[in-house]
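Asker: Could you have a look at this structure, given as structure tokens, before my questions?
The values are calculated or read from the model by the stated rules, or taken from the named source; none is laboratory data. A quick note: this is a predicted structure, and the numbers were derived from the prediction, not measured. Because the Cβ atoms are built from the backbone with ideal geometry, glycine has one as well, and the counts that use them run over all protein chains shown. In case anyone asks, the SASA skips ligands and DNA or RNA and just uses the protein heavy atoms, side chains included. Shrake-Rupley method; radii C 1.70, N 1.55, O 1.52, S 1.80 Å.
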Amino acid sequence: TSLVYSSFLGGTDVDQAQGIAVGSDGSAYVVGRTLSTDFPIVNAFQASNGGDWDVFVTKVAPFGSSIVYSTYLGGSNFEDGFGIAVESAGVAVLTGSTVSSNVPLQNPIRLTNVDFDAFVSKLSASGTSLIYSTYIGGSETDQGLRVAIQSDGSAYVAGFTQSNNFPAVSGLQPFGGGCCDGFIFKMNPTGSTLLFSSYIGGSDRDVARGVAVDGV
């Protein structure tokens, strides 16, 4: 066995990688958060840090030979990027959480954030534009932690919420109570509609930390 490649990725402040996905061509897609204003930026949708912690998304070429694109994604307050998944065409969907009222949006389901919202964003294959980007949440803390993509481009997002008014569509259950519930929702390929959304949990603390999609 041998190490194919290994590299640092970051600027002069704190940088944290928190999710990774691999494209069909072997490219690696990394999502996380950064305080650096000099994070390595290539072919970026957002070329500068919006303020405080920003999400970063970086695509590394197969065998780690170069950065294909690397971009900030965030507003003037706090963002965290936790999960990322990639379609066969190289389109990436990421999820996390934000306190910012000015996160870049595109065709959003929800235009404004309240408190600490989840977000879901879909980047073009080049990394230079957003296909969609939206807040998702209720009146309390909401965090998107993981995402998976169906073959038709629909995105499934799992996380947790303290909101008893998280958007529910054809839900399995109401809010379970306690500190927080897990959630899962499915968005259509263009990000314009929640196809279903449900709480998952009981009367104490529940967090959904993973999601996967079968071939159906």
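Asker: Accessible area per residue, 1.4 Å probe, Å², for the chain: what's the number? Please list the in-between numbers first.
Answerer: Details: 9330 Å² over 216 residues.
That works out to 43 Å² for each residue.
Asker: For the pair Gln150 and Ser88, how long in nm is the line joining their label points, each one 7 Å along Cα→Cβ?
Answerer: Simple spin-label model gives 1.6 nm for this pair.
Asker: Could you tell me what fraction of 2.2 N^0.38 Å the Cα radius of gyration of the stretch 138-216 comes to, as a two-decimal ratio? Present the calculation step by step, with values, prior to reporting the outcome.
Answerer: On the way: Rg = 12.2 Å, N = 79, 2.2 N^0.38 = 11.6 Å.
Computed over Cα atoms of the stretch 138-216, the ratio equals 1.05.
Asker: With a 1.4 Å probe and every protein chain kept in, tell me what percent of the accessible surface of the stretch 109-216 is carbon plus sulfur.
Answerer: 53
Asker: Express in nm, to one decimal, how much length is gained between Ser126 and Leu111 on full extension, taking 0.36 nm for each residue of separation and deducting their alpha carbon distance. All intermediate terms of the calculation are to be shown ahead of the outcome.
Answerer: Numbers: separation 15, 0.36 × 15 = 5.40 nm, distance 2.50 nm.
Residue separation times 0.36 nm, minus the Cα-Cα distance, leaves 2.9 nm.
Asker: Summarise the accessible area of the stretch 1-82 (1.4 Å probe, protein heavy atoms) by the percent that is carbon and sulfur. Before the final figure, lay out each step's value.
Answerer: Working: 2120 of 3990 Å².
Roughly 53 percent, rounded to a whole number.
Asker: Rounded to two decimal places and with Rh computed the Kirkwood way over Cα pairs, what is Rg over Rh for the stretch 1-79?
Answerer: Numbers: Rg = 12.6 Å, Rh = 12.8 Å.
Ratio of gyration radius to Kirkwood radius for the stretch 1-79: 0.99.
Asker: Across the stretch 76-187, what fraction of all alpha-carbon pairs, as a whole percent, falls in each successive 10 Å bin from zero upward?
Answerer: Pairs per bin, as whole percents: 15, 49, 29, 6, 0.
Asker: Calculated from the structure, Rg/Rh (Cα atoms, Kirkwood Rh) equals which of [x] 1.07; [y] 1.56; [z] 0.97?
Answerer: The value matching this structure is [z].
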